[in-house]
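**Q** Take this structure, written in C-alpha cells, and hold onto it; I'll ask about it next.
The values are calculated or read from the model by the stated rules, or taken from the named source; none is laboratory data. The model shown is predicted, which means the values in this text are computed figures rather than measured ones. All Cβ positions, even for glycine, are placed from backbone atoms using ideal geometry, and neighbour counts span all protein chains on display.
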Amino acid sequence: MSLTVTSAPSVEPVTTAEAKEWLRIDSSDTSQDAVLAILIKAARVRVEEYLRRSLITRTYSWEMNGDDMRDRIEIPRPPVQSVTSLTIYDENSAGVEISYTEAAENWQRLLAVRDAVVLNVVLDSPRVPGYALDYIMYHELLHRKHGVTWRNGQARVHTAQFKEDERRFPQLAAAQRLLAHLSPERRR
C-alpha cells in the first residue's frame, strides 16, 4: 500500500499568533515566528501519527494491490471528506477510472477488468443487514452467469431468465425495498 500526499495542508490547526498567546510571547516579537511555525507543524504531524488520523484537509493519492485487500479495505488517515475517483488496473496496467459520483449513483458495478463489485459507502454500516449485501452479490453474480444479450442494437442485462433466477433469492423483496430506500436518487 502506498499513501502519498499530493496537496499538503495550507494551514495548521494552531496559528503562530495563538501559539504566542499560549506561550505568553509578545505578539509584536517576530524573532521566533519561523521556529514556532516549525514546532506547530511538527506537533500536528506527531499527533496525526499517534492518532492515525488527519487533522487538516489535504489530498492523497492512495495505491494498493490485490494483496492489500483481505476481508475489507480500511481507508487510511480518516476522516475522508471526499473521493474524487477510483482507478482499477488490470494485469497489463490498463486503468479503468470510475468517478465517485458514478459509483454512488450506480449502487454496484461489476468491473470486467477485475470481476469486482464496487459498493457505495452507505452500505458500509452495521444498520445494513447482511441479506442486503448478499442480494447485491447474488444479483451481480447473475450478471456473470447471464451476460449481455443484444436486441435491435440495445444491450439487455435484466432478461426474463435473469429475473426468473433473481426471484429465487430468499429475501428479494426486503432487500430491494431496503436498497430503494437507501438509493441516492431517492434522497435527492
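**Q** Tell me which residues, restricted to segment 119-171, are under 27 Å from the mean Cα position of the chain (by Cα), outside any loop (DSSP other than H, G, I, E, B) and of a type in the set (A, V, I, L, M).
**A** Within segment 119-171, Val121, Val122, Leu123, Ala132, Leu133, Ile136, Met137, Leu141, Leu142 qualify.
**Q** I've got another one for you. Please enumerate the residues belonging to segment 1-25 that are of a type outside the set (Gly, Ala, Ser) and outside any loop (DSSP other than H, G, I, E, B).
**A** Once the filter is applied, which keeps residues that are of a type outside the set (Gly, Ala, Ser) and outside any loop (DSSP other than H, G, I, E, B), segment 1-25 yields Leu3, Thr4, Val5, Thr6, Thr16, Glu18, Lys20, Glu21, Trp22, Leu23.
**Q** What's the total number of residues in segment 44-57 that are over 11 Å from Val11 (Cβ atoms) and touching a residue at least 24 places away in the same chain (Cβ under 8 Å)?
**A** Qualifying residue count, segment 44-57: 4.
**Q** Next question. Can you find a residue in segment 18-32 that is within 19 Å of Arg77 (Cα to Cα), in contact with a Lys or Arg (Cβ under 8 Å, 6 or more places away or on another chain) and at pLDDT below 95?
**A** no
**Q** Could you tell me which numbered condition Leu182 fails, if it satisfies all but one of (1) surrounded by 13 or more Cβ atoms within 10 Å (Cβ to Cβ); (2) more than 17 Å from Leu119 (Cβ to Cβ)?
**A** (2)
**Q** Tally time: how many residues in segment 122-144 are in contact with a helix residue (DSSP H, G or I) (Cβ under 7 Å, 6 or more places away or on another chain) and at pLDDT below 85?
**A** Selection size over segment 122-144: 2.
**Q** Could you check segment 26-57 and list, in sequence order, the residues that are under 24 Å from the mean Cα position of the chain (by Cα) and of a type in the set (Gly, Ala, Ser)?
**A** Within segment 26-57, Ser54 is the sole residue that qualifies.
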